[in-house]
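After the structure tokens below, expect a handful of questions from me.
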Amino acid sequence: MMFWTAFTLESLSLDSGDAIEAAMRAAAGMLVATVLSIMVAIAYRSTHRGMQYSASFAMTLVMLAAVGTLVMVVIGDSLARAFGVFGALSLIRFRTAVKDPKDIAYVFLSLAIGMAAGTGRYVTAATGTVMMLGVILLLHAIRFGTRTRDDYLLRVVFSGTTATTQVPAVLGSSTRRLVMLTMQAMGPDGVESTWLTSLRGKPEELVQAIRAISGVTDVHLTATAQEVEL
């Protein structure tokens, strides 16, 4: 009964007379923040694109929300404690490089959940979390911000008159966009060329067509989409 009261007493703080109720309120806030931040971490895992998914970052999102709640409960309405916490946190130097700018938004969302839960605004924390998760899932579903055209980096090594003529012809008929980036000599009569291209058909079809040309010794096709960058 006392634990449920902690969810309903919005004005209760650590400075109130009943230390047990204040502790229960802190526990309730951390519980709310943990549950909501777990939902955020699941959304991060479900919408993550690429090969750099970090389980430790998902766990960090949950920990940030819980720690943020505890910090807000400790501060309460005291300006002196707020300056004290600010001074303590200013001594910490964060040197971890954030590879994906989207991860910063997840960090701020977890901190906002912790701040709302720490001040007893559970409805605000829950409503804001649900709305933000809806926005995240919607943007992920419609692939917002991504280009519809997939570009590839094509590297071809060839030699001989036949390959010199047929390689550009095959590329011209199999691509929608073709830009030569580099071309350099390889041995007595060999050539290494690098192209930025947007394909008309399947990537494997282009690779097979180029490999079938007499004089081609090596073909590499690399996707340049952000989802597979290392």
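Provide the FRET efficiency to the nearest 0.05 for the PHE108-ILE142 pair, computing r from the beta carbons and using R0 = 25 Å.
0.65
A further question on this structure: If I take every Cα pair under 8 Å that is 6 or more residues apart in the range 151-228, average their sequence separation and divide by the length, what percent do I get for the relative contact order?
Here the relative contact order equals 47 percent.
Can you give the local net charge around LEU178? Use residues other than it whose beta-carbon is closer than 12 angstrom to its beta-carbon, Lys and Arg +1, Asp and Glu -1.
Around LEU178, the surrounding residues sum to +2.
Throughout, read-outs are computed from the coordinates displayed, never taken from laboratory work. Quick caveat, the model's predicted, so the values are computed rather than measured. With ideal geometry, Cβ positions are generated from the backbone for all residues, glycine too; neighbour counts draw on all protein chains shown.
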